[in-house]
Structure formats: C-alpha cells, structure tokens
Amino acid sequence: MAKVTTVAVDKVYRLKRGTPLSYVLASRNHHSFPLMWYDEEKNINRALRYAVNQGSPFEDEQDGNAIIEPIIFIDGLLRVPRTNPVLQQFLHYHPLNGNVFGEVDKEKDASFEVKDLILEVDAMVEAKQLSIEQIETLTRVMFGKDPSTVSTAELKRDILIFARNYPSDFLNILNDPDLKFQSRVRLFFENKLIVFRNGEKEVWFNTAANKKKMLSIPFGEDPYDTVAHFLKSDEGLDAFKMLETLLG
C-alpha cells in the first residue's frame, strides 16, 4: 500500500455499496473484528485504533489515555478535514479501505464517467444506424420477442433504450458472430417449424414431413443456445438446411 500523503488536504470518503442514513466503521482492534495492518519494514502486524487525543493510528505508538470516538458515515459519506490527519491515516490503513469504503477521487471518478459516457454514445450511434433487418434480429435475440407483433417505432425505441442503459452488453451482442444464427433459430420457433414440448424440456420438429423429436434440453441450459449448438454441429447440419429451405 502506498504511503500516506504528507500534503494536508480535506478528504471525503464514500461507502461503496448503498447509502444508509448512518454507518459506523470499526475504529479499534478487537478479537471479534481484528483491525491490523502489516508493516513490511518491521515484518509485523500492527493493531489499529482511532483515538482523538493520539498522534498515531497505531496502538503501539499510543499512550494509555486513548479517547475512542465512533467513526460514522452519514448518508454514505464521511468528511475528514485536513486538521484531523490521524483519522485520515487510520482510514488509509483500515483493512476495509477499498472494499467497504474508499476515498473520493474527483479526477478519477470523472475519468471513469467520461469513459462510460463515450461507451454510451458509441452504443447509441450504432443503435441509430441499424437497419430494420438488424433491429428485428436483435429484438429476437435480446428480448425473445417476435418483431412482427410490434411496430417499427417500438422496436427502434426498445433497442435505443437498451443501448443507452446497457451500452457494453449491447455492443457485445452486436459484435457477436453468432447473432444472425441465433436469430434464425428464433425464426424457426416463431414459424413453428420446431416447437417446445414437455415444459420446454424437449424440442420437436413440426414440419409436414417431420414430427420427430430433435433433442432434450439439459437442466439449466438455455434452450435456444442448445438448439443453436445442435444445428451448427455435423449431426444437425442437414436439419438446419431443411429448416432454412422451409423458412424461405
């Protein structure tokens, strides 16, 4: 862990999960919740303790008159002025630092926010440029929905909203080389060339010439992925060609 900065500045710390009205951080070493920091130079574990009348966050550097005060995050935040360097040091060495809470870094946060915004813009641009065929393909794969039952405006809206809210997922799906194949599988089901039976545990052919069972869905597997995997295999290639011919 990096050394504590010697520049006196006000600091703000933030809980990483949720914003409760108040959260009390453990402030002293205890057998039920050890607060220890490994000192590499001395090769020992040193007990931590925050005391308002001491000049160090380490128990071995404190006297016997330590005054312990609670450390309380309010609405998920804890503000520590530069006039309280001991608390800043204590929080720096605290074992929950980086996990339960962390120091607010506006520059770093802004950098992450910029990356997220750029990703969102990229996804929205890609979504806006999609053809109707691509929109229908994504609708089948992402939403499991028959695009013929929804207006074009609704399809575009749903795709744009998904791209805005989940830009990384959207771009990953868009760049998936199996996207079109998965869409064809959905089309086979939409046109009832193949159908589910037995509570989606089995897939059967449903053509005029073939009413045989195609396969069983293994427990916990996605049925559409299972069918796609079968139809891409050597065993299922002839079936795929037949279904493609019937689909037209």
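Results for (1) buried (at least 17 other Cβ atoms within 10 Å of the Cβ); (2) not in a loop (DSSP other than H, G, I, E, B), shown as yes or no for each residue.
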site	(1), (2)
Arg164	no, yes
Asp176	no, no
Val203	yes, yes
Phe219	no, no
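Taking the conditions exactly as written (in contact with a Leu (Cβ under 7 Å, 6 or more places away or on another chain), over 30 Å from Val114 (Cα atoms), surrounded by 13 or more Cβ atoms within 10 Å (Cβ to Cβ) and at pLDDT 90 or above), does Phe189 satisfy them or not?
On the way: in contact with a Leu (Cβ under 7 Å, 6 or more places away or on another chain): no; over 30 Å from Val114 (Cα atoms): yes; surrounded by 13 or more Cβ atoms within 10 Å (Cβ to Cβ): yes; at pLDDT 90 or above: yes.
Considered against the rule, which asks whether it is in contact with a Leu (Cβ under 7 Å, 6 or more places away or on another chain), over 30 Å from Val114 (Cα atoms), surrounded by 13 or more Cβ atoms within 10 Å (Cβ to Cβ) and at pLDDT 90 or above, Phe189 comes out as no.
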Is the range 154-162 home to any residue that is surrounded by fewer than 16 Cβ atoms within 10 Å (Cβ to Cβ), more than 28 Å from Val203 (Cα to Cα), over 23 Å from the mean Cα position of the chain (by Cα) and without any contact (Cβ under 8 Å) to a residue 12 or more places away in the chain? yes
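Each row is one residue, and each column tells you yes or no for (1) touching a residue at least 24 places away in the same chain (Cβ under 8 Å); (2) over 30 Å from Glu126 (Cβ atoms).
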site: Lys180; (1), (2): yes, no
site: Arg186; (1), (2): yes, no
site: Ile194; (1), (2): yes, yes
site: Asp222; (1), (2): no, no
site: Ala228; (1), (2): yes, no
Of the conditions (1) surrounded by fewer than 11 Cβ atoms within 10 Å (Cβ to Cβ); (2) touching a residue at least 40 places away in the same chain (Cβ under 8 Å); (3) of a type outside the set (D, E, K, R); (4) assigned to a loop (DSSP other than H, G, I, E, B), Pro20 fails just one. Which one is it? (1)
Going through the range 74-94 one residue at a time, which ones are closer than 16 Å to Ala26 by Cα and within 24 Å of the chain's Cα centre (by Cα)? Gly76, Leu77
Which of the following residues is on the phi < 0 side of the Ramachandran plot and not in a helix (DSSP H, G or I): Lys180, Lys211, Lys192? Lys211
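When residues of the range 90-137 are filtered for being of a type outside the set (Asp, Glu) and either buried (at least 17 other Cβ atoms within 10 Å of the Cβ) or touching a helix residue (DSSP H, G or I) at 6+ places or on another chain (Cβ under 8 Å) (or both), how many remain? Steps first, answer last, please.
The initial filter retains those residues of the range 90-137 that are of a type outside the set (Asp, Glu), namely 90-102, 104, 106, 108, 110-112, 114-115, 117-119, 121, 123-125, 127-132, 134-135, 137.
Narrowing the set further to residues that are either buried (at least 17 other Cβ atoms within 10 Å of the Cβ) or touching a helix residue (DSSP H, G or I) at 6+ places or on another chain (Cβ under 8 Å) (or both) leaves 90-94, 97, 101, 119, 123-124, 127-128, 130, 132, 134-135, 137.
Total satisfying the criteria: 17.
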Name the single residue, out of those in the range 35-59 being assigned to a loop (DSSP other than H, G, I, E, B) and without any contact (Cβ under 8 Å) to a residue 12 or more places away in the chain, that is surrounded by the most Cβ atoms within 10 Å (Cβ to Cβ). Lys42
The strands (runs of 3 or more DSSP E) lying wholly within the range 60-116 that contain at least 2 residues that are of a type in the set (Val, Ile, Thr) are 71-74
For the range 117-153, what are the residues that are among the small types (Gly, Ala, Ser) and either in a helix (DSSP H, G or I) or touching a residue at least 24 places away in the same chain (Cβ under 8 Å) (or both)? Ala123, Ala127, Gly144, Ser148, Ala153
Are any of the residues in the range 11-23 aliphatic (A, V, I, L, M) and farther than 16 Å from Gly98 by Cα? yes
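The values are calculated or read from the model by the stated rules, or taken from the named source; none is laboratory data. Predicted, not measured: the structure shown is a model, and the values here were computed from it. Don't worry about glycine lacking a Cβ; one is built from the backbone with ideal geometry, like all the others, and counts go over all protein chains shown.
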